[in-house]
1. Tally Lys/Arg at +1 and Asp/Glu at -1 over every other residue whose Cβ is under 15 Å from the Cβ of Leu109; what's the total?
2. For region 29-81, state the semi-axes of the equivalent ellipsoid (square roots of 5 times the eigenvalues of the alpha-carbon gyration tensor), sorted largest first and rounded to whole angstrom.
3. Work out the FRET efficiency for Arg27 and Ala59 from their Cβ-Cβ distance, taking R0 = 22 Å, and round it to the nearest 0.05.
4. If I stretch the segment between Gln118 and Asn72 completely, what's the gain in nm (0.36 nm per residue apart, minus their alpha carbon distance), one decimal?
5. Can you give the Rg to Rh ratio for region 78-122, taking only C-alpha atoms and Rh from Kirkwood?
6. Let me check against my output: what whole-number percent is the relative contact order of the chain, with C-alpha pairs under 8 Å and at least 6 apart?
7. When N counts the residues of the chain, how does its alpha-carbon radius of gyration compare numerically with 2.2 N^0.38 Å, as a ratio?
8. FRET efficiency for Arg19 and Tyr99, Cβ-Cβ distance as r, R0 = 25 Å, nearest 0.05?
Amino acid sequence: QVHLVESGGRLVQAGESLRLSCAASERTGTAMGWFRRAPGKEREFVSAITWNSSNRLYADSVKGRFFISRDNVNNIMFLQMDELTPEDTAVYYCAARRYTNIVVSDPSLYLYWGQGTQVTVSS
């Protein structure tokens, strides 16, 4: 059982940057991703990364503004978020796949999930 803990969420103003972290309790060896859920909306894919960072996937809404990375020595994944807008306000979740290193946007294909961290962007 892999435990994931997100951190770094807070209140920021539009145009500012924020970096989220996701600490894993152990080495996953698999693809991991970020998702978010805005108030009143469905959970949506944000970004995903392979174990060796050779492949990254981004939602169109964040492409060019967000950057996903990971530190496999310390079992931490990051999401650098720049040029934030109020539309980015959501609870952000990190997730990990099991047994596979393929990046996908379907949340049902991720087995392990964190509890989430709140990001609020004021206008």
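The values are calculated or read from the model by the stated rules, or taken from the named source; none is laboratory data. This structure is a prediction, so every number in the text was calculated from the model and none was measured. Cβ placement follows ideal geometry from the backbone for every residue including glycine, while neighbour counts extend to all protein chains displayed. Side chains included, ligands, DNA and RNA excluded: accessible areas come from the protein's heavy atoms. Shrake-Rupley method; radii C 1.70, N 1.55, O 1.52, S 1.80 Å.
1. Summing Lys and Arg as +1 and Asp and Glu as -1 gives +1.
2. 21, 12, 10
3. 0.25
4. Roughly 14.1 nm would be gained on extension.
5. Expressed as Rg/Rh, it is 1.04.
6. Rounded, it is 37 percent for the chain.
7. Cα Rg divided by the expected 2.2 N^0.38 Å: 0.97.
8. The value I calculate is 0.30.
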